[in-house]
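Trainee: There's a structure below that I have some questions on.
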Amino acid sequence: MEHLIVFTRYPEPGQTKTRLIPALGIEGAAKLHRQMTEKAIATVDKLQELRPISTEIKFTGTTLSQMQDWLGSDLCYNPQVGGNLGERMSEAFQSAFNRKYRSVVMIGSDCPAITSHILSQAFQLLQQFDIVLGPATDGGYYLIGLSRFIPEIFEGVNWGTELVWKQTISICHHLNIAVANLTILTDIDRPEDLEKLTDPISEII
């Protein structure tokens, strides 16, 4: 079966989207994160109308009960485990493959432009490729999908920098792994990214 992981953080003011605080304020940055996460969940719901997948919310920054109060108790929640971003992503994929899922896709909540069609395309490509990446305009990626667990792609990467996608591609080439890339989209991480927002999310700014 196919499995989709949404990697997110509880929208605690002052603890989330901190690079956007100068432009939006503490409450505004948290509200934007909240709305983008809710949009990501809605996109996943649309995907489930297209293909049978299981979903999981990997969260940090709060308790299970607070996540359920926010997004509902009908979703599957598990806390993120590990130190840096790479370690936490690696653990999430390993855990999913240990549960015998055939292919696993992970997204964050920073890319409101992602669609159910793009998510479906990622799963489709995993029938032919070991890795699928959704490159972001800031040099990172908004999506990563694996058809098997490959821990090396989460090691030696400068997380949070413009080198993430390039370094991941380099690791894949070194391992002789063919990578499929999706369309380039924009993550909303910095004040200059805000102009890329579309309604209704942009109404909060």
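Trainee: Condition first: out of contact with any Ser or Thr (no Cβ under 7 Å at 6 or more places or on another chain), aliphatic (A, V, I, L, M) and surrounded by fewer than 19 Cβ atoms within 10 Å (Cβ to Cβ). Now tell me which residues in region 1-23 satisfy that.
Mentor: Passing the criteria: I21, A23.
Trainee: I would also like to ask the following. Restricting attention to region 169-194, and to residues there that are modelled with pLDDT of 95 or more and part of a helix (DSSP H, G or I), which single residue is farthest from Q121 (Cα to Cα)?
Mentor: It comes out as H174.
Trainee: Can you pull out every residue in region 100-129 that is among the charged types (D, E, K, R) and either within 21 Å of F59 (Cα to Cα) or touching a helix residue (DSSP H, G or I) at 6+ places or on another chain (Cβ under 8 Å) (or both)?
Mentor: Initially, region 100-129 is screened for residues among the charged types (D, E, K, R), giving 100, 102, 110.
Of everything in region 100-129, just one residue is among the charged types (D, E, K, R) and either within 21 Å of F59 (Cα to Cα) or touching a helix residue (DSSP H, G or I) at 6+ places or on another chain (Cβ under 8 Å) (or both), namely D110.
Trainee: For K17, are the conditions met, namely being among the charged types (D, E, K, R) and on the phi > 0 side of the Ramachandran plot? Give the derivation first.
Mentor: On the way: among the charged types (D, E, K, R): yes; on the phi > 0 side of the Ramachandran plot: yes.
Considered against the rule, which asks whether it is among the charged types (D, E, K, R) and on the phi > 0 side of the Ramachandran plot, K17 comes out as yes.
Trainee: Identify, please: which residue in region 43-87 is touching a residue at least 60 places away in the same chain (Cβ under 8 Å) and in a loop (DSSP other than H, G, I, E, B) and is, among those, farthest from the chain's Cα centre (by Cα)?
Mentor: Applying the first criterion (touching a residue at least 60 places away in the same chain (Cβ under 8 Å)) to region 43-87 yields 43-44, 46-47, 49-51, 53, 70, 80, 84-87.
Retained after the next criterion (residues that are in a loop (DSSP other than H, G, I, E, B)): 51, 80, 84.
Details: R51: 19, Q80: 13, N84: 15 Å.
The selected residue is R51.
Trainee: Which condition does K100 not pass, out of (1) touching a Phe, Trp or Tyr at 6+ places or on another chain (Cβ under 8 Å); (2) surrounded by fewer than 17 Cβ atoms within 10 Å (Cβ to Cβ), if it passes all the others?
Mentor: Unmet for K100, out of (1) touching a Phe, Trp or Tyr at 6+ places or on another chain (Cβ under 8 Å); (2) surrounded by fewer than 17 Cβ atoms within 10 Å (Cβ to Cβ): (1).
The values are calculated or read from the model by the stated rules, or taken from the named source; none is laboratory data. Just so you know, these numbers come straight off a predicted model, no measurement behind them. Cβ atoms come from the backbone with ideal geometry, glycine included; neighbour counts cover every protein chain shown.
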